[in-house]
Amino acid sequence: MIGKTRLSEEQLSENFADLHPAFSRDEAVSDASKCLFCFDAPCMRACPTGIDVPKFIRQILHDDPASAAETILDENILGGSCARACPTEVLCEGACVDRTLLNAPVQIGRLQRYATDYAALNNLRFFAPGSATGKSVAIIGSGPAGLACGFALRRSGHAVTMFEARDIPGGLNTHGISAYKISTEFSLSEIEPILEMGIDLHLDHYVDANELARLRQEYDAVLVAVGLGSTSRLNIPGEDMEGVVESLDFIFQTHTGPLVNCEVGDQVLVLGAGNTAADVATQAVRLGASSVTMAYRRTDREMSAFAYEYELCKADGIEFRWRVQPIEFVETNGKLSGVRMQRVELVGEGREAHLEPVTGSEFVLPCDMAIKALGQIPVLELIGETGLDPGALKLDDRGTTSVDGLFIGGDCTHTGAEIVDAVQDGKMAAAGIDAYLRGNS
Amino acid sequence: MSNLRSKPDISANLAGIKSPNPFWLASAPPTNSGYQISRAFEAGWGGAVWKTLGHEPIVNVSSRYGALDYDGRKMVGFNNIELITDRTLETNLKEVRQVKRDFPNHAVVVSLMVESTREAWHDIVKRTEDTGCDGLELNFGCPHGMSERGMGSAVGQVPEYTKMVTEWVKEVAQTPVLVKLTPNVTDITQPGRAAREGGADGVSLINTINSIIGVDLDTLAPIPQVDGKGSHGGYCGPAVKPIALNMVQKLASDSSFGIPISGIGGVQAWQDAIEFMLLGATNVQVCTAVMHYGFRIVEHLTSGLENWMRDKGFQTLDDFVGKTVASVGNWNTLNLGYKVVAEIDQSKCIHCGLCYIACEDGAHQSIAKSLMSEEDYPSHGSAARLTSAGREYLAGAGDGYVNRYEIKQETCVGCNLCSIVCPADGCITMIEKESTIPRMTWTEYQEGMASGTMDPIPPPDHV
């Protein structure tokens, strides 16, 4: 049954320890020496923020981790978070030519962490605000997109005011990533230098449509970077029953309180097979669930979790049920006791294959906790309230919208991507805002 | 039929000093004592040159060694400010005698260095040979510490002194005498000839090169530091091999030289040893590699040499010693009508672009870059194609493209640079092409131009 984890504090801290421990200097230099210093480097091209990977690795190799950190943070101010949580196997490391040469890539993520940790540990600062332009920008949302945008705008000399609905900054970066990838403390420490650039942050400050209208009057430009909201509803019976939880709430608890207070079921069923599903499944195991099953309508060939996350799930002993979909949450004595599932047949090829329910194939998967990880809906009610059409809002890759002075970026412009994508979105929006404020958009 | 072949004979004979194989330990810290040399012989070394003896033990400083590390590789180069033996002559000679008794078939050579008087040299030569050692090596090479006292390279840098001291030694020596030469000279043939004229039975080279290995960027003190100060030291290790090979070849090809050579300088792998021998050395001496890894390296030096000899069909060392000496000549004897161009095997290319940027910025702008379609992507191993979340990720691809590199053979000057920087084995090779220039040397070209029978060769087509 659902309750506080039964694992000891020691066991929990072991389970939630860094997935990839930090490199020592010897490890960093040894791995850095495998970097070929490619020309027009594939790793750099594969990085959404365009970090000059060969350059920062060379700086590590030549014992200059401070310069390496500057190279990274210059392009990606959340380089420390990305070093921990990026799906490097499909980004920089997926492009690394050492995969062909040595059957294994340079461990770029861990090298990036080595450099950014060095800068953090030594409290190094590399950037200063630009000379004041007299222009002011309001940023709604303090997640990766908002932070990256605010940082870039401060470097350009614009005044930045940031509004955050929660009581801590960072958005999903702070409370939405498994704690063994990014800890709350780390996320907050990485945000500190950004705020030091002179960002006026208002916490516990939800912006509604009326206020948005007012902000558009008061500020020269406004960025909406409010991220994703609740998980998509399944719209099946029993969905609001006790024991049915949302993936982000499940992750959130590991960031807001001590791990010993986290709640987990004994038999956990995860609905969905994306990267968030993989995160909650492995987290449920680490919180002490005795069995965790992932159920997905399609198969492991179509699942949207990266191969690496899938391997992590398998290593954590998670079971998989393919080609099944939930049709009802089953109640016993007022509590969740299982999920009625139905087999489906895939008609067609790949992710476009049509799902054909198999009649009479229903069965109940027993569980005392069901976690919905089915993708989240962009928080666009804010925009919706303004009467604007959320669907047709974003006009270009610099966050420009059809509304004069209103910009948009980050997860709320799509259905969710990586931190690194949000950072790049924020950077691009800052470029768009800067051009707009200087009158040459 | 099995492929088992008999082992070649790798016994060596340098100026009458015989050893079961051509691998000797050079006079240096690994040959400081009977204990070490006994262990080395047990490990398989063919000979050893005892760390230089003098009449009185010297006093060393602390620290003494420094290293040149390169991009994560330790000890690519090495230097030291250690002096000759710091043990008494009596102790050393007692141990030489014991080692020779225990290992009668191994070469025990003793390095000597004393003040430059006939009496001093006569005395130490007699006392040393009384141990039953197989030969003597005169240390005219040490560039630090002893040279300031009129010994070591102070002798080796002046051919007249080299000849004179060698003569003194030869007046009393009963065993073969090798003269160890310093590379800290402009022309190695001068001290080489002087040694021969003095009666030396052979030479060994190179001793260490004068050097400062580095500066500590925290303390700003030189490395190695002694109470914050440093001194010029002797440089050795893998990085000095090319300098040593050149000097060995110079002497081996000098018609007025003509005595055996023991090659020294950066031997770490079997290939290094063979290169020394092809360029004229009868055997090799090793120090730095042993200081790095210990005596056991002789096992793979030996196996590598034997395997190579079998592959090449050489039965004895004499079959190949000096075989490359005559192939080295002055630049103006080279054939201007010979042409190679680079060729990239696309199936082996990993798309690192190192060839391209090296040629573009560092050489002759003769590699073309274009975008490759995924269909053209080589069929590397499975690791190069990774499937994740239903998508395939190609190593070498980024931002939606893969670079394809191709040699512009019409402008390629055949410099080798791309094939040198390419990390993928066998990907870039140099292919012989027909040249538009007829077979001729630079000298013949000059003569042809002067006599009006030849037109100037047009410069290469660069961008």
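Listed values, structure above:
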quantity	calculated
Residue in segment B:363-378 that is surrounded by 12 or more Cβ atoms within 10 Å (Cβ to Cβ), under 25 Å from B:Tyr405 (Cβ atoms) and within 32 Å of the chain's Cα centre (by Cα) present	yes
The one condition in (1) buried (at least 21 other Cβ atoms within 10 Å of the Cβ); (2) of a type outside the set (Asp, Glu); (3) within 14 Å of chain B (Cβ to nearest Cβ) that A:Thr299 fails to fulfil	(1)
Residue in segment B:84-91 that is part of a loop (DSSP other than H, G, I, E, B), surrounded by fewer than 19 Cβ atoms within 10 Å (Cβ to Cβ), of a type in the set (D, E, K, R) and in the same structural domain as B:Gly230 (by TED's automatic domain parsing) present	yes
Candidates B:Gly322, B:Gly329, B:Gly337, B:Gly304, filtered to the one that is of a type outside the set (D, E, K, R), assigned to a loop (DSSP other than H, G, I, E, B) and under 25 Å from B:Ser27 (Cα atoms)	B:Gly322
Residue in segment A:191-210 that is over 16 Å from the mean Cα position of the chain (by Cα), of a type in the set (D, E, K, R), outside any strand (DSSP E or B) and over 30 Å from A:Arg25 (Cα atoms) present	yes
Test: residue in segment B:98-113 that is assigned to a strand (DSSP E or B), modelled with pLDDT of 95 or more and over 24 Å from B:Leu181 (Cβ atoms)	no
Any chance B:Ala194 is touching a helix residue (DSSP H, G or I) at 6+ places or on another chain (Cβ under 6 Å), in the same structural domain as B:Ser27 (by TED's automatic domain parsing), farther than 15 Å from B:Trp121 by Cα and without any contact (Cβ under 8 Å) to a residue 12 or more places away in the chain	no
Any chance B:Cys352 is part of a helix (DSSP H, G or I) and at pLDDT 95 or above	no
Any helices (runs of 4 or more DSSP H) falling wholly within segment A:1-48 and containing at least 1 residues that are within 23 Å of A:Thr184 (Cβ to Cβ) and of a type in the set (S, T, N, Q)	A:9-15
Criterion: in the same structural domain as B:Ser38 (by TED's automatic domain parsing), touching a Ser or Thr at 6+ places or on another chain (Cβ under 8 Å) and crowded, with 23+ Cβ neighbours inside 10 Å - qualifying residue of B:Ala273, B:Ala281, B:Ala244	B:Ala281
Qualifying helices (runs of 4 or more DSSP H) (wholly inside segment A:66-134; at least 1 residues being surrounded by 17 or more Cβ atoms within 10 Å (Cβ to Cβ), away from chain B (no Cβ under 14 Å) and aromatic (Phe, Trp, Tyr))	A:108-121
Residue list for segment A:262-272, filter: out of contact with any strand residue (DSSP E or B) (no Cβ under 6 Å at 6 or more places or on another chain) and either over 23 Å from A:Gly338 (Cβ atoms) or not charged (D, E, K, R) (or both)	A:Cys262, A:Val264, A:Gly272
Selection within segment B:146-174 - part of a loop (DSSP other than H, G, I, E, B) and surrounded by fewer than 19 Cβ atoms within 10 Å (Cβ to Cβ)	B:Gly150, B:Val158, B:Gln174
Residue list for segment B:375-396, restricted to those being more than 8 Å from chain A (Cβ to nearest Cβ) and aromatic (Phe, Trp, Tyr)	B:Tyr377
Residue within segment B:338-347 that is within 14 Å of another protein chain (Cβ to nearest Cβ) and in contact with a Pro (Cβ under 7 Å, 6 or more places away or on another chain) present	yes
Matching strands (runs of 3 or more DSSP E) fully within segment B:184-289 where at least 2 residues are in contact with a Pro (Cβ under 6 Å, 6 or more places away or on another chain), of a type in the set (S, T, N, Q) and modelled with pLDDT of 95 or more	none
Residue that is under 19 Å from A:Ile182 (Cα atoms), modelled with pLDDT under 95, touching a helix residue (DSSP H, G or I) at 6+ places or on another chain (Cβ under 6 Å) and not assigned by TED's automatic domain parsing to the domain that holds A:Phe186, where the choices are A:Leu91, A:Leu78, A:Leu73, A:Leu12	A:Leu12
Cross-chain or 6+ apart pairs with Cβ under 7 Å, segment B:329-350 first and buried (at least 17 other Cβ atoms within 10 Å of the Cβ), then of a type in the set (Val, Ile, Thr) and assigned to a helix (DSSP H, G or I)	B:Ile350/A:Thr100
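Residue by residue, here is whether (1) modelled with pLDDT of 85 or more; (2) touching a Gly at 6+ places or on another chain (Cβ under 9 Å); (3) within 22 Å of A:Gln267 (Cα to Cα); (4) not small (Gly, Ala, Ser) holds:
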| position | (1), (2), (3), (4) |
| --- | --- |
| A:Met341 | yes, no, yes, yes |
| A:Ile371 | yes, yes, yes, yes |
| A:Asp396 | yes, yes, no, yes |
| A:Ile408 | yes, yes, no, yes |
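Yes/no per residue for (1) touching a residue at least 40 places away in the same chain (Cβ under 8 Å); (2) crowded, with 23+ Cβ neighbours inside 10 Å; (3) under 29 Å from A:Glu246 (Cα atoms):
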| residue | (1), (2), (3) |
| --- | --- |
| A:Ala145 | yes, yes, yes |
| A:Leu188 | no, no, yes |
| A:Glu192 | no, no, no |
| A:Leu195 | no, no, no |
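Conditions tested, residue by residue: (1) surrounded by fewer than 17 Cβ atoms within 10 Å (Cβ to Cβ); (2) over 15 Å from A:Thr100 (Cα atoms); (3) of a type in the set (Gly, Ala, Ser).
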{"site": "B:Gly381", "(1), (2), (3)": "yes, no, yes"}
{"site": "B:Cys415", "(1), (2), (3)": "no, yes, no"}
{"site": "B:Cys427", "(1), (2), (3)": "no, no, no"}
{"site": "B:Gln446", "(1), (2), (3)": "yes, yes, no"}
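The values are calculated or read from the model by the stated rules, or taken from the named source; none is laboratory data. The shown structure was predicted, so the numbers you read here are calculated from the model rather than taken from an experiment. With ideal geometry, Cβ positions are generated from the backbone for all residues, glycine too; neighbour counts draw on all protein chains shown.
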